[in-house]
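> Have a look at this one.
The values are calculated or read from the model by the stated rules, or taken from the named source; none is laboratory data. In this text, all values refer to a predicted model and were calculated from it rather than measured experimentally. Please note: Cβ atoms are built from the backbone with ideal geometry, for glycine as well, and neighbour counts cover all protein chains shown.
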């Protein structure tokens, strides 16, 4: 089944590359570049070292923003899901703030962490935190609020309560749903880091896109987009494997 899935995925990529080549055949660097020009541009910026520096910068910001969001969002979400009174007070606020685009927080990030253009990583990390925080809180709240009553009764029968209940019962039981939220949040954070870097940070893959566009090197732009897509795919695949492993430990599986 895994080989069949890989084969179908390869077919999809081959069809996309064929369509891309057909639509851009004969284009120059200043036009929409085809696969060959993009690959050549990717090799050039890789040899120059620019690409690796920008990859490290983007991944660094995502790692910090996402980690902070998970570290705060998971405990908060579990608490909101477990205590109805807390959920009644704070969940409407969370759901009201959740639809706000993370990029809309940019003016506040500038005020809090420095002038425009963004002079440090803190502004970008703040935007990434805001982008990942709400999906994580929402998933954790839903997981805790829908906890199987059998787990609660079993824990009560064995005298497991307090912190031990959260650590030994609630967290393992809610982990698959929390991981789904983390996977969604990581994807959002990866999208937002590119947008944030395009708006002011002078490093990262988003900055690579804007700088290449200003230099009229559309092959470099397309190369950066390919790298963004590949890293996003790798991140999603990694989270999917972690999620599948967590489900397997509970005797569950995805189709």
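> From the list 100, 136, 125, which residue is touching a helix residue (DSSP H, G or I) at 6+ places or on another chain (Cβ under 9 Å), crowded, with 17+ Cβ neighbours inside 10 Å and over 19 Å from residue 170 (Cβ atoms)?
Selected residue: 125, the only one of 100, 136, 125 that is touching a helix residue (DSSP H, G or I) at 6+ places or on another chain (Cβ under 9 Å), crowded, with 17+ Cβ neighbours inside 10 Å and over 19 Å from residue 170 (Cβ atoms).
> Could you give every pair whose Cβ atoms fall below 9 Å, whose first residue belongs to the stretch 207-225 and is at positive phi, and whose second residue is modelled with pLDDT under 90 and surrounded by fewer than 23 Cβ atoms within 10 Å (Cβ to Cβ), counting only separations of at least 6 or pairs across chains?
Close Cβ pairs (under 9 Å, with a partner that is modelled with pLDDT under 90 and surrounded by fewer than 23 Cβ atoms within 10 Å (Cβ to Cβ)) amount to 216/29; 216/30.
> OK, next. Could you say which residue among 7, 15, 32 is surrounded by fewer than 16 Cβ atoms within 10 Å (Cβ to Cβ) and not in a helix (DSSP H, G or I)?
32
> Tell me yes or no: at least one residue of the stretch 64-86 is at pLDDT 80 or above, loosely packed, with under 11 Cβ neighbours inside 10 Å and assigned to a helix (DSSP H, G or I).
Looking for residues that are at pLDDT 80 or above, loosely packed, with under 11 Cβ neighbours inside 10 Å and assigned to a helix (DSSP H, G or I), one finds at least one in the stretch 64-86, hence yes.
> Here's something else I'd like to know. Out of 242, 228, 188, I need the residue that is at pLDDT below 90 and in contact with a helix residue (DSSP H, G or I) (Cβ under 7 Å, 6 or more places away or on another chain). Which one?
242
> Given the conditions (1) crowded, with 19+ Cβ neighbours inside 10 Å; (2) at pLDDT below 85, report the number of the one that residue 219 does not fulfil.
Of everything listed in (1) crowded, with 19+ Cβ neighbours inside 10 Å; (2) at pLDDT below 85, residue 219 misses just condition (2).
> Can I ask one more? Would you say residue 203 is assigned to a helix (DSSP H, G or I) and touching a helix residue (DSSP H, G or I) at 6+ places or on another chain (Cβ under 8 Å)?
Here the answer is no, as residue 203 does not meet what is asked.
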